[in-house]
Amino acid sequence: MYDQEVAIENVMQRIHNESFEKWVDNFSKNLPNIWKENSAKKLKQDKKNKNSAIVIGRGPSLKKNNHLKILADSDYSGSIICTDGILKDVLNAGVTPNKFKKIFVVTIDPHEKISKFYDDKIIDEFGENIEGIFTTITDPTTVERARNAGIKINWIHSLFDLDKGKKSFNYISSLMVRAKNHNEGLPAIQTGGNVGTSAWFIGWRILHCQTIALIGINHSWEETDPIELIMKHGVVGKEIDIDKDSPEFQRLFPKMYNPELKKNFILDPLFQFYRKGLIEFIQRSPTYLTTINATEGGSIFGDRILSMPFNQFLKREVENRNSFNIIERS
């Protein structure tokens, strides 16, 4: 009997296995800089301050709902965690360190193509006031481009084979990192296979936030999106009939109803994998952590996920901050 969820996980595992040599090569080239530069542990915040964060992805709802403009015009004072591909758009929208003092950018992808996300004059302008969080297997040219822009480099491990124990690359690389300067090692996170989920994990485990809002994290397609666009992202290791009404398409690209938005969306195989991982992580997180989907689109809903418009989240955060300040002064 065909189990699509298992099949997708097997394909993702095969892709990871095929990339293993690239990961080892990247790590070996990064190691001298890892020893010299900061562990992301230094970014931790005091939990008593009831910290909050906004995670920003590249999903279409970000532009559709004008969320970057709304954020730029707000008085939000928490952490802003950008996925690498959206950083230049965030800065161009006016969400800069001149007004927002805690801006972070996250990269987990090991491929050289990610360096283009840092190759922009506006990143050169504001880079020195941005904290970058990079996995030890990030392509060295990507880290170097960020470093040249003035972005502060902070290192983490991404977990992918720790289940293999002392024979795992995660275990061996962690020993090598601790051999010099980082006696306590680096923090390690689950990535869920994508930078958006990684950014959520960083908000919780590294920045110690108690509230994390998501914008631009759709992990799905609209029913009206062109099939060519869906297929370009969604086919993982298999050719299928491109007829949107075919049984094969409907099996691999199922529709799901979002009760919060009262509309259907389409999941491609990758988004099925990403969605499942993020939702499971949220549901297993401690009860003190509140995750808010303020994307106003997409597929992230369920237990432990509070949905609300982005404007409402920002208003709530300002009110909470003012109340906290009053209590602190009392």
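Here's the yes/no breakdown for (1) in contact with a helix residue (DSSP H, G or I) (Cβ under 8 Å, 6 or more places away or on another chain); (2) modelled with pLDDT of 90 or more; (3) buried (at least 20 other Cβ atoms within 10 Å of the Cβ):
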| position | (1), (2), (3) |
| --- | --- |
| 218 | yes, yes, yes |
| 224 | no, no, no |
| 228 | no, no, no |
| 235 | yes, no, no |
| 257 | no, yes, no |
| 260 | no, yes, no |
| 276 | yes, yes, no |
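Name the residues in segment 155-170 that are in contact (Cβ under 8 Å) with a residue 60 or more places away in the chain and in a strand (DSSP E or B), would you?
We begin by selecting, within segment 155-170, every residue in contact (Cβ under 8 Å) with a residue 60 or more places away in the chain; these are 155-156, 160, 169.
155, 156 - these are the residues of segment 155-170 that are in contact (Cβ under 8 Å) with a residue 60 or more places away in the chain and in a strand (DSSP E or B).
Among the residues of segment 288-300, is there at least one that is without any contact (Cβ under 8 Å) to a residue 40 or more places away in the chain, over 16 Å from residue 55 (Cβ atoms) and under 23 Å from the mean Cα position of the chain (by Cα)? Even if it seems obvious, please write down each step before you answer.
Step one: filter segment 288-300 for residues without any contact (Cβ under 8 Å) to a residue 40 or more places away in the chain, giving none.
Among the residues of segment 288-300, not one is without any contact (Cβ under 8 Å) to a residue 40 or more places away in the chain, over 16 Å from residue 55 (Cβ atoms) and under 23 Å from the mean Cα position of the chain (by Cα), which makes the answer no.
Which residue is surrounded by the most Cβ atoms within 10 Å (Cβ to Cβ), if the candidates are limited to segment 298-324 and must be among the polar types (S, T, N, Q) and within 22 Å of residue 257 (Cβ to Cβ)?
This residue is 299.
Name the single residue that is farthest from residue 36 (Cα to Cα) among those in segment 135-150 being aliphatic (A, V, I, L, M) and in a helix (DSSP H, G or I).
This residue is 146.
I'd like the residue in segment 197-225 that is assigned to a loop (DSSP other than H, G, I, E, B) and of a type in the set (D, E, K, R) and, out of all such residues, is nearest to residue 61 (Cα to Cα). Steps first, please.
Here is the first cut: in segment 197-225, the residues assigned to a loop (DSSP other than H, G, I, E, B) are 206-210, 216-220, 222-225.
The next check asks that each one be of a type in the set (D, E, K, R); those that pass are 222-223, 225.
On the way: 222: 10, 223: 14, 225: 13 Å.
Here the residue is 222.
Which pairs have Cβ atoms under 7 Å, sit 6 or more apart or on different chains, and link a residue in segment 243-267 that is over 30 Å from residue 310 (Cβ atoms) and in contact (Cβ under 8 Å) with a residue 40 or more places away in the chain to one that is aliphatic (A, V, I, L, M) and assigned to a loop (DSSP other than H, G, I, E, B)?
Hits for this filter: 252/240.
Could you please give the count of residues in segment 192-212 that are under 13 Å from residue 278 (Cα atoms), of a type in the set (S, T, N, Q) and surrounded by fewer than 24 Cβ atoms within 10 Å (Cβ to Cβ)?
1
Which residues, taken from segment 43-89, are outside any loop (DSSP other than H, G, I, E, B) and acidic (Asp, Glu)? Talk me through it step by step, then tell me what you get.
So in segment 43-89, the residues outside any loop (DSSP other than H, G, I, E, B) come out as 43, 47-49, 52-56, 61-64, 67-72, 79-89.
Selection gives 84, 89.
The values are calculated or read from the model by the stated rules, or taken from the named source; none is laboratory data. No experiment lies behind these values; they were computed from the predicted model shown. Positions of Cβ are generated from backbone atoms using ideal geometry, with glycine treated the same way; all protein chains shown enter the neighbour counts.
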